[in-house]
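Notes follow once the structure below has been shown.
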Amino acid sequence: MRAESYYTAGQFALIRARFFRKPVSCAAGILLTILILTGLFASFLSPHEPNSAGANRQYINGPPQMPKFRDQDGSWSKPYLCTFEQQLDRKTLRRVQVENCEKKRYLTWFTRSWEYQLFSLNLGFTQFTLTSDLHLFGIETGQIHLFGTEKAGKDIFGRTLHAIWISLSIGFLALTIKLTTSLLIGGISGYFGGRIDAVLQTFTEAVRVIPSIPIYLALAVAMPDEWSSETRYFAIAFIIGAFDFPTLARRLRTHLLAERNQEYILAAKLSGSSSSRIIRRHLIPSFLSYIIVDTIINVPYIILAETSLSFLGLGLSEPVNSIGVLLSQAQDVEVQQSLLWYYIPVVFFVLMILAFVLVGDGLRDAADPYSEDGR
């Protein structure tokens with residue numbers, strides 16, 4: 001950013017300029033965008049249903065099937081897969097999958113397969129649903145499993161893509177609950193002060209001193225077993241979001257206590273603006289950059305909380321596809337010794353957390369008004 005434009009740019013223009021000067025954060029932002037889009041279009045990218053309906057019973061615990069681009073003589077070819085056939089291993093007396101590259105199965109693009117829902121709107125008296133059966137790729141005959149299959153024959157590739165979106169959506173839903181609670185309690189407490197501030201801060205301190213992991217575990221255990229997967233989904237998001245608001249609420253309160261006596265707030269009062277309008281249109285926007293940065297930084301911790309609960313069997317469970325559910329299947333000794341493709345979702349999980357952390361750090365530095373390294 002040039003010197004003359006630096007001093008006339010707005011707050012978000014300065015943040016954007018400083019952020020783009022950080023190549024690591026920009027690369028993490030691109031990676032994060034790719035992961036979010038991958039999760040959003042998981043059904044389109046998945047050639048098979050990620051549940052029992054798309055399971056391949058003839059390919060249980062099957063290894064990853066990577067497309068080949070060269071024939072056995074070394075010449076280039078259309079992407080194809082070798083046919084896997086079951087044979088008896090005479091040493092272990094177990095059936096194993098053996099490649100037979102004489103039987104080629106070629107990949108196809110933009111194929112028609114299982115039907116998935118694109119959009120649904122329930123108006124009470126009627127419901128609008130938009131579905132599609134178009135997928136990015138498929139195979140001429142049989143099924144294709146890029147990341148292999150698990151013990152029930154479910155496709156790990158499709159489950160991983162859907163798990164990314166489930167984990168992200170829980171994080172975003174929990175953050176929405178956290179932001180709403182933080183803005184409500186912090187805004188009212190900081191603007192009005194006095195007894196209202198004392199009562200709300202007592203409540204905030206009571207919630208803040210509760211250890212997060214034990215309360216997550218206790219509330220997760222208390223959820224009835226008969227709850228559906230959708231109910232548990234919203235319950236986990238509410239539990240994580242409802243107990244994560246104190247830090248942001250206290251910082252917002254401190255900011256509003258300092259800002260409420262400024263001249264522009266007095267001018268708004270004299271012009272007849274209500275308290276809710278002053279908080280919503282003047283005070284909170286003055287703290288908006290910090291709220292955005294804090295929100296992005298907290299996403300990975302919320303995803304980690306959901307993953308930990310699901311991994312321990314206290315959060316989401318089968319048939320829901322989440323990162324924690326997939327990781328919980330990798331605890332068996334047999335998986336750790338010979339079925340290493342069960343750990344492929346870990347790679348996406350680590351990349352997602354790392355991307356959020358790097359983007360959050362970049363935004364935090366870019367939003368620092370005393371940082372001059374981004375000129």
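The values are calculated or read from the model by the stated rules, or taken from the named source; none is laboratory data. What you are looking at is a predicted structure, and each value in this text was computed from that prediction instead of being measured. Counting neighbours? That spans all protein chains shown, and the Cβs are built from the backbone with ideal geometry, glycine included.
Some notes on this structure:
- Contacts under 7 angstrom Cβ, first residue in the stretch 95-110 being free of Cβ contacts under 8 Å to residues at least 40 places away in the same chain, partner among the charged types (D, E, K, R), 6 or more apart: Val96/Asp89; Val98/Glu85; Asn100/Glu85; Arg105/Glu140; Tyr106/Lys78; Tyr106/Glu140; Thr108/Glu140
- Exclusive hit being in contact with a helix residue (DSSP H, G or I) (Cβ under 7 Å, 6 or more places away or on another chain), closer than 16 Å to Ile170 by Cα, modelled with pLDDT under 85 and surrounded by fewer than 21 Cβ atoms within 10 Å (Cβ to Cβ), set Thr295, Thr307: Thr295
Let's see how each residue does on (1) over 32 Å from the mean Cα position of the chain (by Cα); (2) modelled with pLDDT under 85:
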position: Glu49; (1), (2): no, no
position: Pro67; (1), (2): no, no
position: Arg70; (1), (2): yes, yes
position: Ser75; (1), (2): yes, yes
position: Lys78; (1), (2): yes, no
position: Leu81; (1), (2): no, no
position: Asp89; (1), (2): yes, yes
position: Thr92; (1), (2): yes, yes
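- Lone unmet requirement of (1) over 30 Å from Ser212 (Cα atoms); (2) without any contact (Cβ under 8 Å) to a residue 40 or more places away in the chain for Phe311: (1)
- Scanning the stretch 62-81 for residues that are over 16 Å from Thr149 (Cβ atoms) and either among the hydrophobic types (A, V, I, L, M, F, W, C) or assigned to a loop (DSSP other than H, G, I, E, B) (or both) turns up Pro67, Phe69, Asp71, Gln72, Asp73, Gly74, Ser75, Trp76.
- Among residues of the stretch 216-229 that are at pLDDT below 80, those with a beta-carbon under 7 Å from a residue that is among the small types (Gly, Ala, Ser) and outside any helix (DSSP H, G or I) at least six positions away or on a different chain give the pairs Ala220/Gly315.
- Lone unmet requirement of (1) closer than 28 Å to Trp165 by Cα; (2) out of contact with any Ser or Thr (no Cβ under 7 Å at 6 or more places or on another chain); (3) buried (at least 16 other Cβ atoms within 10 Å of the Cβ) for Phe245: (2)
- Residue check for Thr38: at pLDDT 85 or above, surrounded by 13 or more Cβ atoms within 10 Å (Cβ to Cβ) and under 26 Å from Ser169 (Cα atoms): yes
- Looking at Ser286, Ser328, Ser308, Ser322, just one residue is under 25 Å from Ile166 (Cα atoms) and in contact with a His (Cβ under 9 Å, 6 or more places away or on another chain), and that residue is Ser322.
- Test: residue in the stretch 110-126 that is surrounded by 12 or more Cβ atoms within 10 Å (Cβ to Cβ) and in contact with a helix residue (DSSP H, G or I) (Cβ under 7 Å, 6 or more places away or on another chain): yes
- Remark: pairs (first residue in the stretch 330-347, at negative phi and in a helix (DSSP H, G or I); second residue modelled with pLDDT under 80 and not aliphatic (A, V, I, L, M); Cβ separation under 9 Å; 6+ apart in sequence or on different chains) = Ala330/Gln336; Gln331/Phe311; Tyr342/Asp332; Tyr342/Gln336; Tyr343/Gln336.
- Put simply, of Ile210, Ile236, Ile177 the only residue that is modelled with pLDDT under 85 and touching a Gly at 6+ places or on another chain (Cβ under 6 Å) is Ile236.
- Hits in the stretch 194-250 (condition: of a type in the set (Lys, Arg) and more than 19 Å from Asn298 (Cβ to Cβ)): Arg195, Arg232
- Residues in the stretch 1-28 that are in a loop (DSSP other than H, G, I, E, B) and either at pLDDT 60 or above or surrounded by 12 or more Cβ atoms within 10 Å (Cβ to Cβ) (or both): Met1, Thr8, Ala9, Gly10, Arg21, Lys22.
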